[in-house]
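Below is one structure, written out as structure tokens; comments come after it.
The values are calculated or read from the model by the stated rules, or taken from the named source; none is laboratory data. Every value quoted in this text rests on a predicted model; they were computed, and no experiment measured them. So basically every Cβ, Gly included, is an ideal-geometry build from the backbone, and we count neighbours across all protein chains shown. Surface accessibility is based on the protein's heavy atoms, side chains included, excluding ligands, DNA and RNA. Shrake-Rupley method; radii C 1.70, N 1.55, O 1.52, S 1.80 Å.
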Amino acid sequence: SNVRSSKYLSQLYRGFFSMLLLRSSMLDGFETNHIYSSTSRASTVRYATTSTAVNAEISELMLEYDPILLFASRLLPSSVAADASALYAWCRRLDEICDKPGADPKETREKIDDWEIRLDKLWIGEPVDAMDAELVECLQRHQPNLDEGPFRNMITGMRSDAVENRRVADMDELEEYAYQVAGTVGLMLLPLLDANFVLAKEPAICLGKAVQLINILRDASPDAALGRIYLPQDQLRAQNVKEIDVLALKSSPEYCAVVEFVSNRASELLVQAEKGRTSLPGLGPLFVQIIVELYRGYLEELQRRGYNNLAATGERVKINKIRKFTASLTALQKVLLS
């Protein structure tokens, strides 16, 4: 997980995550009085707190890291919001373990191990804090459809980042990583949407993977500051691109060719996600189309820059609010006309 406002979503992660969260009403108020009380195993550990307090804390996380998803998620029905918030908080906090500049990889791996122990406790109804308690309730409402697999896979992906000089061998490894840290989010969310899992599974994974690949392309400069290069090493070697140049934010036509290669794959995944949007109930198709159009906007911006995503200022690739608004209108038009 790079220094991206990923994952999704969360995500979308990181993000799709990233894909469901917080209606505007949840942004009101910020009460912080959490009272812990332990009860029997049958009723699980409970945290006496107002929904406003927990949701406000999660809102701040999303506003800081995933504002696009906060914007899109306001389309979701209120009945989904609390569970989506709990999932987002779990993914986002895991992401933050891996994204601290200068962190010692060994210490990061230890923190990830501790996070997995916390996950073990969640599955037996023993939350550590108020946000975890919200997730326990979510898990209990949606079992057995919401299983451990995506959570474990996400932890595996995050653990792969906890190394010095993070590199990715080839496109297969990059897509597997994108699935682990973002495609998994889609699998977490499908039970909340009451979607047909068989029909919706692959489009959800494709959307998460596409968002993650695009966020990687957006965040090439801040990732380089952490010594991380997520572009496939085999592609960089084929283009004779030197690592030292990438880390120094020195672009070249050959480097841009690799960025274009990954960008094209992300575009293909967006198309697959778009085709599968009808597998979702309610406003799901519109939500997916908005995410697709927003992230197409990033790909268009990369293309406009000639696929040079290495900014001397170290900034990530962005699009302005007008383009975001236009993307939303385009999504609405496509869904209404389909």
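Filtering the range 146-190 to residues that are within 17 Å of residue 90 (Cα to Cα), among the small types (Gly, Ala, Ser) and open to solvent by less than 10 Å² (accessible area, probe 1.4 Å) leaves 157, 182, 183, 186. Select from the range 290-338 the residues that are small (Gly, Ala, Ser) and under 23 Å from residue 246 (Cβ atoms) and write down the one among them that is surrounded by the most Cβ atoms within 10 Å (Cβ to Cβ). Among residues in the range 290-338 that are small (Gly, Ala, Ser) and under 23 Å from residue 246 (Cβ atoms), the one surrounded by the most Cβ atoms within 10 Å (Cβ to Cβ) is 311. You will find that of 105, 127, the residue that is of a type outside the set (A, V, I, L, M), surrounded by 16 or more Cβ atoms within 10 Å (Cβ to Cβ) and modelled with pLDDT of 85 or more is 127 and no other. If you check residue 212 against the conditions, is it part of a helix (DSSP H, G or I), within 26 Å of residue 86 (Cβ to Cβ) and either acidic (Asp, Glu) or in contact with a helix residue (DSSP H, G or I) (Cβ under 7 Å, 6 or more places away or on another chain) (or both)? Yes: the conditions hold for residue 212.
Of the set (1) open to solvent by 40 Å² or more (accessible area, probe 1.4 Å); (2) under 17 Å from residue 208 (Cα atoms); (3) among the polar types (S, T, N, Q), all apply to residue 279 but (1).
Looking across the range 132-148, the residues that are within 18 Å of the chain's Cα centre (by Cα) and within 21 Å of residue 96 (Cα to Cα) come down to 135, 148.
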